[in-house]
Structures are given as structure tokens and as C-alpha cells.
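The values are calculated or read from the model by the stated rules, or taken from the named source; none is laboratory data. What you are looking at is a predicted structure, and each value in this text was computed from that prediction instead of being measured. All Cβ positions, glycine included, derive from the backbone under ideal geometry; neighbour counts span all protein chains shown.
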Amino acid sequence: MTRVRRGSVAREHHENIIKMASGSVGAHSRLFRTANQQRAKAFFHAYQDRRIKKREIRCLWITRINAAARRNGTNHSNSINYLYSNQIYLNRKAPGQMVISDTDGFSALLR
């Protein structure tokens, strides 16, 4: 078999990795090995944080619902129970947005 020289392919691959890590500081944006590690870590954190973001947003909706429910003399748990017992099936997002945009409508929903 003939020898295959990969110089240009490897260089292009290394340049792409370094370009991805261009926002990093020091060797993490200049040297291939550390830039590659940094890129892998960044992708891992991005993957993880997309899931954490969903959790935090749901917590925010629940906090908003609880605050508005307390103004109406109840709490989050009892208000969700009231909605379910009256066969009003809403996820946490809809009432959470309703609290901000239509406070009177949310109060009417709990009556």
C-alpha cells in the first residue's frame, strides 16, 4: 500500500477544533489538545444546562402561580388541586404566563 500523507486533513481538523474553542482563554484557544478538551467540556455543559434550564423555568412558573394564589387566599398546591377537581387540566406554563399578563383572569380561574 502506498503511504497516505494526512497533513492537510489533520491541519484542517485541528483548525476547526481551535476555531470552536476561540472564546476560551490562554492555551485553551491556541493548542489543539487543550482546545479539544475544552470543547468537549463545553458541549457537555451545554447538554446539561439545556436540561437544567427546563427545570428552572418550571420552578419559576410554580413560584409565580404560588405568589398569585397566595394573593387570592390559597397556595399553589391547593389551587392546582382545585383546577383538577373541576376538570380544568392546565400545565404549569399556562397559569404561570397568565399570572403576568392577565392577573384578573387568573383570579377568576381560581373562583
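Inspect the range 58-65 for any residue being hydroxyl-bearing (S, T, Y) and in a helix (DSSP H, G or I) and give the result as yes or no. Within the range 58-65, one or more residues are hydroxyl-bearing (S, T, Y) and in a helix (DSSP H, G or I). For the range 57-83, a residue qualifies if it is surrounded by 15 or more Cβ atoms within 10 Å (Cβ to Cβ) and under 25 Å from the mean Cα position of the chain (by Cα), and the qualifying residues are W61, I62, R64, I65, N66, A68, H76, I80.
In the condition set (1) touching a Ser or Thr at 6+ places or on another chain (Cβ under 9 Å); (2) at pLDDT 95 or above, L110 is compliant with all but (2).
When T2, T34 are screened for being modelled with pLDDT under 95, among the β-branched types (V, I, T) and out of contact with any Gly (no Cβ under 7 Å at 6 or more places or on another chain), only T2 passes.
All of N91, N86 fail the test of being loosely packed, with under 11 Cβ neighbours inside 10 Å and under 25 Å from the mean Cα position of the chain (by Cα), apart from N91.
Checked against (1) closer than 27 Å to N16 by Cβ; (2) exposed (fewer than 12 other Cβ atoms within 10 Å of the Cβ), A35 meets all criteria but (2). In this structure, Y47 does not satisfy being in a helix (DSSP H, G or I), surrounded by 11 or more Cβ atoms within 10 Å (Cβ to Cβ) and not small (G, A, S).
Of the numbered conditions (1) part of a helix (DSSP H, G or I); (2) exposed (fewer than 15 other Cβ atoms within 10 Å of the Cβ), I17 satisfies every one except a single condition; which is it? The failed condition is (2).
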